[in-house]
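K.L.:
My questions will all concern the structure given below.
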Amino acid sequence: MLLISWNIDSLNAALTGTSARALMTREVLTKVHAEQPDLLAIQETKLPAAGPSKKHQKLLAELFPEYAYVWRSSQEPARKGYAGTMYLYKKELGEPKVTYPVIGAPDTMDDEGRIITLEFPEFFVTEVYTPNSGTGLKRLDLRQQWDQKYREYLEELDRQKPVLASGDFNAAYKEIDLKHPESNHHSAGFTDEERAGFGRLLDAGFTDTFRLVHGQVTGKYSWWAQRVRAAKANNSGWRIDYWLVSDRIAGKVEESDMISTGERADHCPIYLKISL
C-alpha cells in the first residue's frame, strides 16, 4: 500500500484560489494524484462546518476521480473554518468503517475536526491534526492534556488491531528534527513537554517509520515557516509530520519519506509504503 499524508493549509485555497501559492498547491495535489496512493490524509482543510461546497466537490471529482472521501470540519463552539481533516481513498478499497473520535480532549479541541479514523478488516488508518501550543505557549497545558488523551485513544485502537497513524503532530521530537534546535527549546512544537509527550506515544507501542527507514539522517524536514522568506531556500525546517505504525507491523514498512513541494513553503506531503 502507498499512503500519503499532508497538512495542506486550506483545501479551499488549494482548490479555488488564484494566487501563486494556490497554483503551487494545486501542482502538488496533481503530483500526489499521479502517485496513485491508496489513501490520502489531509489536515488543516479549513472548510466550513457544512463541509465541501458543491464547487469543492466538483473540483475534487476532477482532481481525484478514482477516490471517495470523508471529511470532518470544526463545529461550534469551536472556531469556524478552523483546523479540519479529510480522507480520500480509492473506491476499489470498498467502504471502510469511518469514525470521528471524541477523545475527551480539553477546551474545544474535540470540536475542531482533528481526527478521522478508517477501519479496514486487518488494520486501522487514522489521521490527526494536533493542536498547536500557540503564541507564547498559551495552549501548552491544554496541549499536554490532548497528548495524553490521544495516546490513550491510539492504545485503545492498537489493542484491537494494528494501527497506521499519520498527520501533523506539531512536535519535532529530537534535535535532529529541526535546523536550529539551540534557539527553539521554548518554541511551540519543541518544548520539553511536547517532546516528552511524543516520546510517551512512541513508548506506548508505535514506530516512527521515517527514523526506522532513515536512521539518524539530518536535514530532512516536513515544514518550513512561510513567514520566514529564506526558510525554504535555506532548508531551515522542522520535521513535525509523521507516519507511525504499531510496533508489531514495523517490519512491513518499505519506504517512508517526504514529497518535494519545490519553492512552496509550509508543510510537504509525507508518504508511507507498507506491505499489508
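K.L.:
Would you be able to tell me the number of residues in the range 229-240 that are more than 15 Å from the chain's Cα centre (by Cα) and surrounded by 12 or more Cβ atoms within 10 Å (Cβ to Cβ)? Step through it out loud before you land on a result.
P.N.:
Narrowing the range 229-240 to residues more than 15 Å from the chain's Cα centre (by Cα): 229-237.
From what's left, surrounded by 12 or more Cβ atoms within 10 Å (Cβ to Cβ): 231-232, 235-237.
Within the range 229-240, residues that are more than 15 Å from the chain's Cα centre (by Cα) and surrounded by 12 or more Cβ atoms within 10 Å (Cβ to Cβ) number 5.
K.L.:
Please go through the range 178-217 and give me each residue that is without any contact (Cβ under 8 Å) to a residue 24 or more places away in the chain and closer than 16 Å to Ser246 by Cβ, ordered by number.
P.N.:
Asp203, Arg211 - these are the residues of the range 178-217 that are without any contact (Cβ under 8 Å) to a residue 24 or more places away in the chain and closer than 16 Å to Ser246 by Cβ.
K.L.:
List the pairs whose first member sits in the range 9-27 and is among the basic types (Lys, Arg), whose second member is in a helix (DSSP H, G or I) and surrounded by fewer than 19 Cβ atoms within 10 Å (Cβ to Cβ), and whose Cβ atoms are under 9 Å apart, counting only residues at least 6 apart or on separate chains?
P.N.:
Every condition considered, the pairs that remain are Arg21/Ala13; Arg26/Leu63.
K.L.:
Same structure, new question: If I ask for residues that are under 16 Å from the mean Cα position of the chain (by Cα) and not in a loop (DSSP other than H, G, I, E, B), which ones from the range 243-266 would you list?
P.N.:
Once the filter is applied, which keeps residues that are under 16 Å from the mean Cα position of the chain (by Cα) and not in a loop (DSSP other than H, G, I, E, B), the range 243-266 yields Trp243, Leu244, Val245, Ser256, Asp257, Met258, Asp266.
K.L.:
Out of everything in the range 5-20 that is in contact with a helix residue (DSSP H, G or I) (Cβ under 9 Å, 6 or more places away or on another chain) and buried (at least 22 other Cβ atoms within 10 Å of the Cβ), what residue ends up being nearest to Tyr242 (Cα to Cα)?
P.N.:
Keep residues of the range 5-20 that are in contact with a helix residue (DSSP H, G or I) (Cβ under 9 Å, 6 or more places away or on another chain), which gives 6, 8-17, 19.
With buried (at least 22 other Cβ atoms within 10 Å of the Cβ) added as a condition, the list becomes 6, 8, 11, 14-15.
Values: Trp6: 10, Ile8: 14, Leu11: 20, Ala14: 22, Leu15: 24 Å.
The selected residue is Trp6.
K.L.:
While we're here: Please state which of the following conditions Gly189 fails to meet, knowing it meets all the rest: (1) at pLDDT 95 or above; (2) part of a loop (DSSP other than H, G, I, E, B); (3) over 28 Å from Ser19 (Cβ atoms).
P.N.:
(3)
The values are calculated or read from the model by the stated rules, or taken from the named source; none is laboratory data. As the structure is a prediction and not an experimental result, all values here were calculated from the model. Note that we place each Cβ from the backbone using ideal geometry, even for glycine, and neighbour counts take in every protein chain shown.
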